[in-house]
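Colleague: There's a structure below that I have some questions on.
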Amino acid sequence: MSFRRVGTLLILVVSALVLLAPPALVAAEWRDLITPDLAAWDKLGDGIWRVIEDGTLTGYRRPATKALFGNSEAITKKQFEDWVGVQSWLYTKKDYGEFDLHIEYQVHGTGNSGISLRDPTRAKFSIMQPADYKNTPAHHGYEIQISGRRGSSSPSGSLYTFVSAKDGVQKDGEWNSFDIESRKDMIRVRLNGEQVVEFAGDPKRPKVGPIGLQLHDQFNSAMFRNIRIREITGTE
């Protein structure tokens, strides 16, 4: 076979491989998700969410004792548990597919919060009284755990119910940062620059959905800042 024919065949093979290759991923520009009016978000439940002067997003509860006591002066243990476990969430109005997310957070003491991904229920089972813990966002999409202290069974960065993160990476009581890569076949979490979780994903779970911020119960508070997203798309 002549060198010319060999060269032609090589060109044809390379061209075919290029055509069969999956489209390259293209990252859009980073976009801030926090604005003073929280226009990109929906408040779900009775949480109070405010953006203060330095751009920090604060979330806290103002416990409604009437929902606990009603017209009675005494309550049972179950009544208290049903009341205290009601969650509150802040969810993006938009659904996202593949993206990179940067988010900084701070919780104190026994603070318990989380970041929801791809939850089609938008936390509707968590904000009712009593909350249905078998149908929280972590059971429909994914939840990246935020825990206020080390030694938890699900340290900060854990993909709740799926993968526990490496413990000891969080700086307790200080600002910490997550860098989250959400892809169709992978979720990767870096905490303060160190990878703590990588998971291929559950094939039964959605590939697209909103992003949520959690106030776990009536006595929890959390702060967030520098929430930025960069959507990933394929070329034509």
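Any read-out appearing in this document is the output of simple, stated calculations on the displayed coordinates, not a laboratory observation. Treat the numbers as computed from the prediction; the structure is a model and nothing was measured. Cβ placement follows ideal geometry from the backbone for every residue including glycine, while neighbour counts extend to all protein chains displayed.
Colleague: At 7 Å along Cα-to-Cβ for each site, give me the label-to-label distance between Thr233 and Lys78 in nm.
Modeller: 5.3 nm
Colleague: With charges set only on the Cβ (+1 for Lys and Arg, -1 for Asp and Glu), what does the dipole of the chain come to about its Cα centre, in debye to the nearest 20?
Modeller: Working: 30 positive and 29 negative charges, 107 e Å.
Magnitude of the dipole: close to 520 debye.
Colleague: Which distance in nm do the two modelled labels at Val208 and Met128 give, with both placed 7 Å along the Cα-to-Cβ direction?
Modeller: The two pseudo-label positions are separated by 2.7 nm.
Colleague: Note down the net charge around Thr110, summing +1 for each Lys or Arg and -1 for each Asp or Glu among other residues with Cβ under 13 Å from its Cβ.
Modeller: With Lys, Arg at +1 and Asp, Glu at -1, the net is 0.
Colleague: Considering only Asn192, Asn71, Asn176, give the residue with the highest GNM mean-square fluctuation for the chain, with springs between Cα atoms whenever their separation is below 10 Å.
Modeller: Asn71
Colleague: From the residues Thr121, Gln214, Asn71, which one has its Cα farthest along the dipole of the chain in the positive direction, the dipole being from +1 and -1 charges on Cβ of Lys/Arg and Asp/Glu about the Cα centre?
Modeller: Ranked along the dipole, the leading option is Thr121.
Colleague: Follow-up. Where Lys and Arg each count +1 and Asp and Glu each count -1, what net charge lies around Gly173 among other residues with Cβ under 12 Å from its Cβ?
Modeller: Working: positive: Arg149, Arg150, Lys171; negative: Asp172, Glu174.
Taking every Cβ under 12 Å from that of Gly173, the sum is +1.
Colleague: How much length, in nm to one decimal, is gained on full extension between Thr110 and Met186, taken as 0.36 nm per residue of separation minus their Cα-Cα distance? Don't skip to the end; give the middle numbers.
Modeller: Numbers: separation 76, 0.36 × 76 = 27.36 nm, distance 2.97 nm.
This chain segment gains 24.4 nm when fully extended.
Colleague: Next up: When the scattering of the chain is computed by the Debye formula from its Cα atoms alone, each counted once and equally, what is log10 I(q)/I(0) at q = 0.10, 0.13, 0.16 Å⁻¹?
Modeller: -0.52, -0.79, -1.13
Colleague: Any idea which of Ile48, His102, Phe80 is furthest toward the positive side of the dipole for segment 24-234, if Lys and Arg beta-carbons carry +1 and Asp and Glu beta-carbons -1?
Modeller: Sorting the options by dipole projection puts first Phe80.
Colleague: Put +1 on the Cβ of each Lys and Arg and -1 on the Cβ of each Asp and Glu in the chain; which of Leu57, Thr136, Gly173 then has its Cα farthest toward the positive end of the dipole?
Modeller: Selected residue: Thr136.
Colleague: Rank-order 197-207, 51-61, 83-93 by packing density, defined as the average count of other C-beta atoms within 10 Å over each peptide's residues, highest first.
Modeller: On the way: 197-207: 13.2, 51-61: 14.7, 83-93: 20.6.
Highest to lowest by the protection proxy: 83-93, 51-61, 197-207.
Colleague: Relative contact order of segment 110-236, please, whole-number percent, based on alpha carbon pairs below 8 angstrom and at least 6 residues apart. Mind dumping the intermediate values first?
Modeller: Details: 231 pairs, mean separation 34.2, N = 127.
27 percent.
Colleague: State which entries of Lys77/Lys134; Lys94/Lys171; Lys78/Lys207; Lys43/Lys78 exceed 29 angstrom in Cα-Cα distance in the structure shown.
Modeller: Numbers: Lys77/Lys134 20 Å; Lys94/Lys171 31 Å; Lys78/Lys207 37 Å; Lys43/Lys78 27 Å.
From Lys77/Lys134; Lys94/Lys171; Lys78/Lys207; Lys43/Lys78, over 29 Å: Lys94/Lys171; Lys78/Lys207.
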